[in-house]
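Everything on this sheet refers to the single structure shown next.
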Amino acid sequence: MFSTKKARTRLTGVLAGAAVFALAACSSGGGSDDDTADAGGNGGGDDVISIGFSQVGAESGWRAANTKSIQDTLTAENGFDLSFSDAQQKQENQIQAIRSYIAQGVDVIAFSPVVESGWDAVLEEAKDAGIPVILTDRAVDSEDESLYESFIGSDFVLEGETAGEWVSENLATEPINVVELQGTTGAAPAIDRKAGFEEATSDNPNVTIIDSQTGNFTRSEGKTVMEGFLQAHDDIDLVYAHNDDMGLGAIEAIEAAGLVPGEDIKIVTVDAVKDGMQALADGKINFIVECNPLLGPDLAEIAKKVVAGEEVEKRIVVEDQSFTQEQAVEALPTREY
Ligand code: GZL
């Protein structure tokens with residue numbers, strides 16, 4: 001269990017608070033309800049949790065939904081004082097943000113690491129400062145699991161396997177040439193979705209990945225890379241895109257080339273955000289594996305437990321589902337994101 005700065009401060013605060021209360025009781029009473037008098041000195045009251053969150057960026061519809069879930073949940077009404085930063089998909093910006101939260105003396109830090117590697121030094125600094133860290137959405141490859149309290153997110157390998165199994169069973173009953181739009185280079189979802197898809201299709205000789213390149217999880221880069229694939233290959237049967245946004249960019253490129261997405265070239269993606277589900281319902285995408293972005297409530301619950309010094313699970317995997325075109329038509333009216 002991480003003896004958090006807040007937990008230690010709370011004990012000190014209670015003693016100090018008792019002292020302050022005793023003094024106030026002797027005085028004319030009144031006194032300010034200003035929380036800055038809090039022994040924790042963290043700007044909020046004793047019960048307010050100050051949390052610093054470093055977000056990857058605003059690169060996709062998934063990221064927008066994830067940010068909304070976090071900002072809608074970590075509110076003052078729910079007992080949080082949230083400091084939020086957008087790293088514009090740059091690791092150096094996230095490291096800078098985490099250092100600023102350490103300097104600020106927040107009770108807890110949470111972040112979605114844009115890439116898996118290069119975090120040990122800054123996580124050591126947080127640990128030395130007695131500030132617990134929670135990972136959301138994406139994982140880090142640190143050997144030292146004491147550097148973070150918990151990971152909350154999806155199983156990206158399973159997402160890739162689900163996509164691959166559907167392709168193998170539904171499309172690769174004859175030889176198919178696949179082009180892959182990878183997510184951000186070095187990001188856990190890109191590494192794992194690639195591995196899962198390859199694992200699930202490795203026993204089907206009909207599946208051949210003829211090209212694979214990063215589209216950085218964005219619609220514009222997905223379109224540009226797909227334009228290159230169409231220039232380089234005249235026998236593409238399927239696009240496997242690591243997220244809806246790159247798949248939507250591929251649709252634009254396919255249509256600009258005079259081909260019909262979902263028919264001439266099939267498309268399988270991951271996320272199941274509204275725009276992707278609409279394209280699936282419209283027949284331009286053939287199958288989508290969901291990646292649930294609504295991580296705010298889980299993060300709030302874990303943060304409260306961590307700050308209270310309670311044990312938490314090291315890895316909390318959120319449930320994902322998948323959708324065919326028919327299922328998308330049914331699901332669209334009630335989708336939250
Ligand atoms: C997955 C998340 C990925 C999404 C993309 O948990 O990290 O990043 O699949 C997003 O849409 O950009």
Quiz item: Once every DSSP H run of n ≥ 4 in the chain is given -39500 (n - 2.57) and the sum is divided by its residues, what mean residue ellipticity at 222 nm do you get, rounded to the nearest 500 deg cm²/dmol?
Solution: -13000 deg cm²/dmol
Exercise. Only residues of the range 249-275 count here: report those whose backbone N is under 11 Å from the spot 7 Å along Cα→Cβ of Asn170, or say none.
Key: 267-269
Quiz item: Projected onto the charge dipole of the chain (+1 at Lys/Arg Cβ, -1 at Asp/Glu Cβ, origin at the Cα centre), which of Gln321, Phe217, Gly247 gives the Cα projection farthest towards the positive end?
Solution: Phe217
Exercise. Specify whether the C-alpha gyration tensor of the range 165-243 places it in the rounded, prolate or oblate class, a ≥ b ≥ c being the square roots of the eigenvalues: rounded for a/c under 1.5, otherwise prolate if a/b is larger than b/c and oblate if not.
Key: oblate
Quiz item: With each label point set 7 Å from Cα along the Cα-Cβ vector, what nm distance links Ala64 and Ala195?
Solution: 3.2 nm
Quiz item: Just for the chain, what percent of DSSP beta bridges are antiparallel, to the closest 5?
Solution: 5 percent
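Given a Förster distance of 45 angstrom, what is the FRET efficiency for Ser212 paired with Glu301, based on the Cβ-Cβ distance and rounded to 0.05? It would help to have the intermediate numbers written out before the result.
Values: r = 38 Å, r/R0 = 0.84.
After rounding to 0.05, the efficiency reads 0.75.
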Quiz prompt | Farthest positive-ward along the range 156-290 dipole, Cα basis, beta-carbon charges - from Thr162, Asn206, Val289 | solution = Val289
Quiz item: Given charges of +1 on the Cβ of Lys and Arg and -1 on the Cβ of Asp and Glu, with all other atoms neutral, how large is the dipole of the chain about its Cα centre, in debye to the nearest 20?
Solution: 1220 debye
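In the structure shown, do any of Lys127/Lys304; Lys68/Lys304; Lys68/Lys305; Lys194/Lys284; Lys90/Lys127; Lys68/Lys223 have a Cα-Cα gap over 24 Å, and if so which? Show your work: numbers first, answer last.
Working: Lys127/Lys304 18 Å; Lys68/Lys304 19 Å; Lys68/Lys305 22 Å; Lys194/Lys284 22 Å; Lys90/Lys127 22 Å; Lys68/Lys223 26 Å.
Those over the limit are Lys68/Lys223.
Starting with the highest mean, order 297-308, 105-116 by the number of other Cβ atoms within 10 Å, averaged over the residues of each peptide.
Going from most to least packed, we get 105-116, 297-308.
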Quiz item: Distances over 29 Å make up what percent of all Cα-Cα pairs in the chain?
Solution: 44 percent
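Count charges around Ile210 for me, please; just the other residues with Cβ under 10 Å from its Cβ, Lys/Arg as +1, Asp/Glu as -1.
Numbers: positive: none; negative: Glu180, Asp211, Asp235, Asp237.
Local net charge: -4.
Treating only the Cβ atoms of Lys and Arg (+1) and Asp and Glu (-1) as charged, compute the dipole magnitude of the range 156-290 about its Cα centre; round to the nearest 20 debye.
Details: 7 positive and 26 negative charges, 63 e Å.
It works out to roughly 300 debye.
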Quiz prompt | Overall Cα dimensions of the range 64-172 - principal axes, largest extent first, Å | solution = 54, 35, 24
Exercise. Under 13 Å from the Cβ of Val312, count the other residues' Cβ atoms, weight Lys and Arg +1, Asp and Glu -1, and hand me the total.
Key: -3
Exercise. Mind grabbing the base-10 log of I(q)/I(0) for the range 156-290 at q = 0.15 Å⁻¹? Debye formula, identical points on the C-alpha positions, no solvent, two decimal places.
Key: -0.59
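Just so you know, all these numbers are worked out from the coordinates, no wet-lab data involved. All of these numbers come straight from a predicted model, not from anything done at the bench. In this analysis, Cβ positions are derived from the backbone assuming ideal geometry, glycine residues included, and neighbour counts consider all displayed protein chains.
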